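Data block below; observations after.
The values are calculated or read from the model by the stated rules, or taken from the named source; none is laboratory data. Quantities reported herein were computed from a predicted structural model and do not represent experimental measurements. Cβ placement follows ideal geometry from the backbone for every residue including glycine, while neighbour counts extend to all protein chains displayed. Note: accessible area is taken over every heavy atom of the protein model, side chains too, but ligands, DNA and RNA are not part of it. Shrake-Rupley method; radii C 1.70, N 1.55, O 1.52, S 1.80 Å.
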Amino acid sequence: MKNLVYKLLSLVFLFTILFSCKPKDQIKIGISLGPLHERWEKDRDYLVKNFEIKGAKVIVKEANNDESLQKTQFLDLVKAKVDVIIMVAVNSQSAGALVQVAKNNNVKVIAYDRLIKNCDLDYYVSFDNIKVGELQADYLTRITPQGNYAILGGSLKDYNSILLRLGQMNILQPLITRNDIHVVLDKNVDNWDADIAYSIINDYLKQSTDLDAIIASNDMIAKGVCKALMEHELCGKILVSGQDAETDACKRIVEGRQTMTVYKYIESLASATTNIALSLAENGSLPYSQTTINNGKIMVPSIQLPNMIQVNKENMRMTVIADGYLDEKVVFGGI
Ligand code: GAL
């Protein structure tokens, strides 16, 4: 008798799972993209391609770094009754209220690359951003372990800027304590904006050119930094870091105007996010997460990918070119 009951229960369970699975062609995914420059265009295109291959419908909203526009777009996705929203938040703090609205409407939210604070977030998929900061500082300090350093951090509205800084200081602090390195300039760049980065460095160089290295927290910031260095005829004389392996940054690296960038394998980020989003949409199940991260409210199931590499002029062809991530003719020109 007991056996029969067990068999009946397992049949009921099996049917529940099978018939509670939403078919892929009925799944709607929303993508709420805050920032928009080359790296994010690639993320967007990888995600859209992945979902379309799987037969799911995708609605993409791009806010071009406008926080209030992103709020309107996010709420439109909730009204459109998407199953899951993948969000790259302009503001990691204020986006928390939007996540709560989504949850109250049975829409699941995945924070893509940038953590969203103080909310019931379903998942966080990113890279190990502390490691990104360590790789930036590691590369420059291995070339110039002593001297005057400037640090240009990212937008303080982006939690990644906090994590990057932790990684950068993991490398710099011992050298500062040993009095080998002096941090002579330390600023965060609103919206990671190249023009703001340019003004900060240009203003500094007007009063002093006694500078050996600049920790630029991404390639957009490095773009502004290199413009200022060029105007002061210091290009190539002061080390400059970056991240995102953007085309213009890799061209600067080949030409000796930027020292390095960190290439993060964003195709892996998009692939992991696609699988998690579909699992959440099909039957609400949370795929096993390697780690969790405290977002100020809950321990969020998360994946923080380690796949990234320091890119310089010498290994450019073996990394971003070999991966087909960037076009050799564009990056190397006639070189
Ligand atoms: C960060 C991201 C970086 C960089 C920056 C500016 O959150 O991790 O790769 O692109 O935003 O958009």
*Matching entry among Ser241, Ser208 (being buried (at least 23 other Cβ atoms within 10 Å of the Cβ) and hydroxyl-bearing (Ser, Thr, Tyr))*: Ser241
_Qualifying strands (runs of 3 or more DSSP E) (wholly inside the stretch 101-172; at least 3 residues being at pLDDT 95 or above and farther than 20 Å from Gln73 by Cβ)_ = 123-127, 147-153
_Within the stretch 59-82, tally of residues that are open to solvent by less than 30 Å² (accessible area, probe 1.4 Å) and aliphatic (A, V, I, L, M)_ = 4
*Which one of these is more than 23 Å from Ile253 (Cβ to Cβ), more than 16 Å from the ligand (Cβ to nearest atom), out of contact with any His (no Cβ under 9 Å at 6 or more places or on another chain) and touching a residue at least 12 places away in the same chain (Cβ under 8 Å): Leu163, Leu175, Leu140?*
Leu175
_Test of understanding: among Asn191, Asn179, Asn105, Asn91, which residue is in the same structural domain as Leu211 (by TED's automatic domain parsing) and under 27 Å from Val58 (Cα atoms)?_
Asn191
*asked:* What's the total number of residues in the stretch 254-271 that are at negative phi and surrounded by fewer than 21 Cβ atoms within 10 Å (Cβ to Cβ)?
replied: 7
_If I go through the stretch 183-204 residue by residue, how many of them are open to solvent by 40 Å² or more (accessible area, probe 1.4 Å), among the aliphatic types (A, V, I, L, M) and farther than 15 Å from Lys223 by Cβ?_
2
*Out of (1) touching a residue at least 60 places away in the same chain (Cβ under 8 Å); (2) in contact with a Leu (Cβ under 6 Å, 6 or more places away or on another chain); (3) away from the ligand (no atom under 16 Å from the Cβ), the odd one out for Leu211 is which?*
(2)
